[in-house]
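Starting off with a structure, shown below.
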Amino acid sequence: MDFYELRHFCGAWLFNDLELPAQEVAHQLGHKDGGALVQRLYGHPSERLAREHIKRAVRGRSREVVPLSEASRTQTS
């Protein structure tokens, strides 16, 4: 593994897993563009992370959120 692979891993980890703002990750990596490159280069969509974000966003609202399959059965009945 070379330095740039480690750098890319670090940028992606800080941005995606730790959810640090792109501007802060850019500062750590020495970028001067305010985070634009971080968003374009290091942002890797992850189904697992997306599902975790959704669960966190709806926590405490479980009565309002139903599985799509259940909602479609309710509407057709």
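Identify all residues within the range 47-77 that are small (Gly, Ala, Ser) and modelled with pLDDT under 80; write none if there are none. Let's see the steps before the verdict.
Going through the range 47-77, the residues small (Gly, Ala, Ser) turn out to be 50, 57, 60, 62, 69, 71-72, 77.
Of everything in the range 47-77, those that are small (Gly, Ala, Ser) and modelled with pLDDT under 80 turn out to be GLY60, SER62, SER69, ALA71, SER72, SER77.
Please count how many residues of the range 18-51 are charged (D, E, K, R) and surrounded by 13 or more Cβ atoms within 10 Å (Cβ to Cβ).
Filtering the range 18-51 for residues charged (D, E, K, R) gives 19, 24, 32-33, 40, 47-48, 51.
Those still in the list that are surrounded by 13 or more Cβ atoms within 10 Å (Cβ to Cβ) too: 24.
The qualifying residues number 1.
Another question, then. Just to be sure I understand the filter: pairs with C-beta atoms under 7 Å, separated by 6 or more residues or on different chains, first member in the range 42-60 and touching a residue at least 12 places away in the same chain (Cβ under 8 Å) and part of a loop (DSSP other than H, G, I, E, B), second member loosely packed, with under 12 Cβ neighbours inside 10 Å and among the aromatic types (Phe, Trp, Tyr). Which pairs pass?
If the second residue must be loosely packed, with under 12 Cβ neighbours inside 10 Å and among the aromatic types (Phe, Trp, Tyr), no pairs are left.
Could you count how many residues in the range 1-32 are closer than 13 Å to GLY43 by Cα, hydrophobic (A, V, I, L, M, F, W, C) and outside any helix (DSSP H, G or I)?
2
The values are calculated or read from the model by the stated rules, or taken from the named source; none is laboratory data. It should be emphasised that the depicted structure is a prediction, and the values quoted were computed from it without experimental measurement. Here the Cβ is made from the backbone with ideal geometry for all residues, glycine too, and neighbour counts use every protein chain on show.
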